[in-house]
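First comes the structure, then the notes that go with it.
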Ligand SMILES: Cc1ncc(COP(=O)(O)O)c(C=O)c1O
């Protein structure tokens with residue numbers, strides 16, 4: 001789909017119009033300017049539309065009454081207000097660290113709508129999850145042993161428990177996000193010798209294991225491969241249930257991973273397309289015998305975020321114009337370090353926040369960090385960015401400006417959600433305030449300023 005109708009949440013053109021309104025309003029309302037040259041903006045209308053599209057896509061293919069929990073992968077946008085917005089839109093939380101769990105709880109997501117999935121859970125984390133009643137997917141045999149001990153010492157936990165498997169169906173175009181390769185670190189590698197039988201036995205020996213989990217990968221994984229991973233997982237659930245002689249596995253957690261189109265404003269693929277493909281590839285999964293959990297992250301947020309940065313200087317080097325902006329590696333880490341895998345569209349706005357007109361000029365868009373590779377775009381043809389203009393990195397609502405990287409001690413920017421627009425005007429709400437310089441110094445250990453130069457050298461050190 002180009003820029004036309006978007007089956008999963010409004011048209012891309014409407015979203016682009018909302019974004020343009022928001023950038024202009026951010027400048028007019030003083031959220032952006034010479035003193036605040038960097039901000040993250042979130043389109044609340046768009047996020048709600050994506051949540052609704054996800055829910056209706058699966059409602060359309062599941063048997064009536066099937067329990068379905070869509071758990072937002074908090075790692076995609078670890079912001080309390082975002083997790084609460086999604087919670088109110090009927091979406092739970094998938095968490096993968098104590099921080100993400102605390103954040104989901106702060107957002108008000110109840111335990112029964114939370115899933116814990118991290119690959120390196122400590123005994124304390126597992127104990128806490130079970131005492132809260134949060135669903136846990138064990139990553140490996142050693143973690144299962146820890147669950148054994150916890151279940152024995154505190155029987156009757158309400159946590160649904162399962163095992164994560166790696167269906168080893170292969171990778172996609174981004175190696176770092178391919179979780180179902182032969183040697184991936186995640187889950188029990190199902191095709192390794194003896195592994196499948198080990199998993200089946202693990203269930204037969206533990207009647208309290210009722211879920212099965214796989215996440216076949218994220219951005220760059222073809223939809224057909226994702227569906228293949230789900231099919232393999234379903235086949236394993238069927239085998240366990242047949243050998244158990246009952247419906248022991250009652251819920252499949254099929255992970256997230258729907259890829260996002262970073263090349264235009266259109267939403268492709270849509271949740272509806274993926275749900276349809278799944279229902280064709282694995283019809284038995286949707287006939288009402290299994291509950292479902294999904295864990296989408298990027299596809300719920302990416303298209304609804306924009307990082308906007310002021311052009312501090314416009315210069316030229318080797319005949320090429322370079323716009324030096326305030327957005328670089330600290331807010332677009334993946335793009336800066338792996339530009340081939342993570343290209344971003346850049347939109348040009350003038351000093352009043354209006355879309356810039358003018359002929360395309362090939363230019364670089366640089367960030368503020370002190371290394372040559374700190375570039376958001378290289379050799380990009382777009383209207384010439386000049387001093388005082390704004391450069392917007394589009395589709396950055398997931399895994400970008402909410403994931404600050406502290407290079408050069410650059411401050412975390414403020415994040416605002418926006419709604420409204422047109423004649424009624426755009427309204428902003430703070431989601432996260434900008435980090436103050438004093439906070440940077442405190443986090444850099446100000447209270448320990450003397451720790452390496454005082455008593456330690458005189459033999460009277462002692463960590464406290
Ligand atoms: C277990 C698990 N579930 C869900 C996700 C979310 O994936 P995505 O943001 O691509 O939907 C991830 C991403 O790393 C993951 O590891």
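Bear in mind that the values in this text are calculations on the coordinates, not laboratory data. Computed from a prediction, not measured in an experiment: that's the story for all the values here. Counting neighbours? That spans all protein chains shown, and the Cβs are built from the backbone with ideal geometry, glycine included.
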Item to complete: Please report how far the C-alpha centroid of region 111-163 lies from that of region 244-280, rounded to the nearest whole angstrom.
Response: 25 Å
Worksheet item: Can you give me the relative contact order of region 1-138 as a percent, contacts being Cα pairs under 8 Å and 6 or more apart?
Response: 16 percent
Worksheet item: Between region 188-237 and region 351-371, how many Å separate their Cα centres?
Response: 46 Å
Discussion item. Calculate the FRET efficiency for residue 152 and residue 441 from the Cβ-Cβ distance with a Förster distance of 56 Å, rounded to the nearest 0.05.
Written reply: 0.70
Response to the item:
The simple spin-label model distance between residue 423 and residue 102, using points 7 Å out along Cα→Cβ, in nm, is 4.8 nm
Worksheet item: Mind checking the angle between helix 223-244 and the chain's longest principal axis? C-alpha axes, 0 to 90 degrees, to the nearest 10.
Response: 20 degrees
Item to complete: Take every Cα pair under 8 Å in the chain that's 6+ residues apart, average their separations, divide by the length, and report that relative contact order as a whole percent.
Response: 18 percent
Worksheet item: How far, in degrees from 0 to 90, does helix 123-132 lean away from the longest principal axis of the Cα atoms of the chain, to the nearest 10?
Response: 80 degrees
Fill in: Spin-label model distance (nm) - residue 386 vs residue 337, 7 Å beyond Cα toward Cβ
3.7 nm
Fill in: Over the chain: helical MRE at 222 nm, DSSP H runs n ≥ 4 each giving -39500 (n - 2.57), nearest 500
-9000 deg cm²/dmol
Discussion item. Between residue 315 and residue 200, what is the label-point separation in nm under the 7 Å Cα-to-beta-carbon projection?
Written reply: 6.6 nm
Response to the item:
In degrees rounded to 10, the 0-90 angle between helix 44-59 Cα long axis and the longest Cα principal axis of the chain is 30 degrees
Practice prompt. Sort region 200-288 into rounded, prolate or oblate with this rule: let a ≥ b ≥ c be the square roots of the eigenvalues of the Cα gyration tensor; rounded if a/c is under 1.5, and if a/c is not under 1.5, prolate when a/b is larger than b/c, oblate otherwise.
Written response: prolate
